[in-house]
Every structure is written in structure tokens, then in C-alpha cells.
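Throughout, read-outs are computed from the coordinates displayed, never taken from laboratory work. Bear in mind the structure is a predicted one, so any value in this text is a computation, not a measurement. Note: ideal-geometry Cβ built from the backbone for every residue, glycine included; neighbour counts use all protein chains shown.
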Amino acid sequence: MTKFLSDHLFAESDLTEEQHQRICDLLVLAFPRYADLFRTVSYYYAQPDHRLWYEEADGTIIAHLDFEHRTIAVNGVDVDIAGVGEVAVHPDRHKQGLGRKLMALLQTMLKQQFQVDYGFLQCRDEVVGFYQSVGWHKINQTVHEVDIKTGKTVATNGNALIMPIHKSVDDWDTNGDVDLRGLPW
Ligand SMILES: CC(C)(COP(=O)(O)OP(=O)(O)OC[C@H]1O[C@@H](n2cnc3c(N)ncnc32)[C@H](O)[C@@H]1OP(=O)(O)O)[C@@H](O)C(=O)NCCC(=O)NCCS
């Protein structure tokens with residue numbers, strides 16, 4: 001059955017407690033290993049500045065992501081990105097195209113409303129294929145980021161992906177390292 005879905009883009013500072021709670025409800029289901037964490041907070045690592053989600057008519061959030069506009073360094077040069085985190089689709093709604101729909105909406109909204117050149121995210125091996133099939137491109141560069149436990153900058157070599165917004169994938173400098181200049185998302 002197709003249910004009524006509405007999309008929502010919010011500045012983090014405008015979110016109500018009730019909205020945070022509904023986001024937490026989804027994150028607890030989507031990330032069972034981190035259920036205890038997401039029962040109390042609606043993000044981990046860097047604080048986002050915006051949220052984008054789909055909800056059903058009864059208010060249940062079934063697809064969500066957040067992002068932060070930040071100037072990072074790529075091979076020593078400033079690049080404006082939207083660092084994306086907490087990407088989640090309700091487990092009952094996986095493989096129905098909702099993740100793809102959410103990413104298409106993100107790309108459109110970033111193009112229309114934000115001065116960022118790329119989306120940027122890091123992810124587990126298991127979901128690289130998902131991101132690659134919905135418009136993200138893997139980069140193969142060392143990423144420097146602040147470790148949330150120690151506060152120290154560390155070098156990581158996990159999966160990092162970019163999505164073109166105001167610049168093309170070909171314009172991304174594949175030389176040198178990426179410095180997030182802060183926590184990851
Ligand atoms: C990853 C996730 C967001 C995908 O959402 P979804 O709504 O099921 O994805 P879609 O149905 O839109 O799938 C889009 C495409 O990606 C593919 N895909 C979906 N999940 C995939 C996965 N885990 N690995 C590889 N490909 C995947 C689909 O087959 C589809 O491809 P196609 O259109 O070529 O057939 C969802 O599984 C989820 O919330 N997982 C738990 C939370 C999580 O791991 N989030 C990512 C944190 S980095």
C-alpha cells in the first residue's frame with residue numbers, strides 16, 4: 001500500500017523535542033547495535049546543522065539523514081561540503097527505493113539552497129554499494145578527522161564517498177589527503 005509521505009528540511013536549531021524523539025525512534029530501529037545511544041541522542045560524532053526526512057501521515061519518520069556545512073581541506077585547498085550522517089530507512093521499508101528517493105532529494109535541496117560543492121560521507125563496507133547506486137562516488141584518499149574519544153586528529157582509511165553538488169566529480173582533487181578539520185559525521 002502506498003502511504004502518504006511528506007518531506008521535511010529543518011535547521012537543527014529549529015527542531016522541537018518531539019521531532020528529535022521521532023528521529024531517535026527511527027535511529028534506534030535502523031542501528032540496533034547503537035540503540036542505547038540513539039535512545040538518548042539523535043546524532044553521534046559531529047552535530048549536524050540540518051535534517052532531511054520523510055514522514056508518514058501519522059508522523060512516523062521512515063527515512064532520515066542529517067548534514068553539516070563545513071569547509072574542509074582537500075590536498076591543502078578549502079572545499080565546501082555537506083558532511084552527511086545518520087542515513088537511515090525504517091527496517092520495514094528497506095529495498096523499496098526510499099533511500100534512493102531521499103538521496104535525490106538531498107542533492108536537489110543542496111543544489112538549490114546551499115553553497116556546497118559536494119556531499120561527503122564515510123560508511124561501512126556493507127553499504128558502499130547502496131551509496132554508489134544512488135549517486136555517490138568512492139574516493140581513495142586518507143582522511144584526517146578528530147577522534148571523538150580522544151579529541152586528537154587521526155588518519156583513517158575507511159570508505160569515503162562524495163556526491164557532486166555545485167562541482168563535478170572530475171573537479172575533485174584526487175591527490176593528497178582530506179582533512180575534515182573536525183569530527184566526522
Ligand atoms: C542503507 C539503507 C539506507 C538503504 O535504504 P533502502 O531504502 O533500502 O535503499 P533503496 O531501496 O533506495 O536502494 C537503492 C539501491 O541500492 C541498493 N541497495 C540497498 N541496500 C543496499 C546494500 N546494503 N548494499 C548494496 N546495495 C544496496 C538497492 O538494491 C537499490 O539498487 P537498484 O535501484 O539498482 O536496484 C538502509 O538499508 C538502511 O537504513 N540501513 C540501516 C542503516 C544504515 O546502515 N545506514 C547507513 C549508515 S552509513
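Results for (1) within 16 Å of the ligand (Cβ to nearest atom); (2) at negative phi, shown as yes or no for each residue.
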position	(1), (2)
20	no, yes
44	yes, yes
49	no, yes
65	yes, yes
75	no, no
Report summary line: For the stretch 157-170, the count of residues that are touching a residue at least 12 places away in the same chain (Cβ under 8 Å) and away from the ligand (no atom under 16 Å from the Cβ) equals 6
Requested in this report: Would you be able to tell me the number of residues in the stretch 126-156 that are among the small types (Gly, Ala, Ser) and either within 15 Å of the ligand (Cβ to nearest atom) or surrounded by 16 or more Cβ atoms within 10 Å (Cβ to Cβ) (or both)?
Outcome: 3
Query raised in the report: Does residue 112 fit the bill of being touching a residue at least 12 places away in the same chain (Cβ under 8 Å), farther than 27 Å from residue 33 by Cβ and not aliphatic (A, V, I, L, M)?
Result: no
Requested in this report: Could you please tell me which pairs satisfy a Cβ distance under 7 Å, a separation of 6+ or placement on different chains, a first residue in the stretch 129-141 that is over 17 Å from residue 104 (Cα atoms) and touching a residue at least 24 places away in the same chain (Cβ under 8 Å), and a second residue that is within 13 Å of the ligand (Cβ to nearest atom) and not small (Gly, Ala, Ser)?
Outcome: 139/161
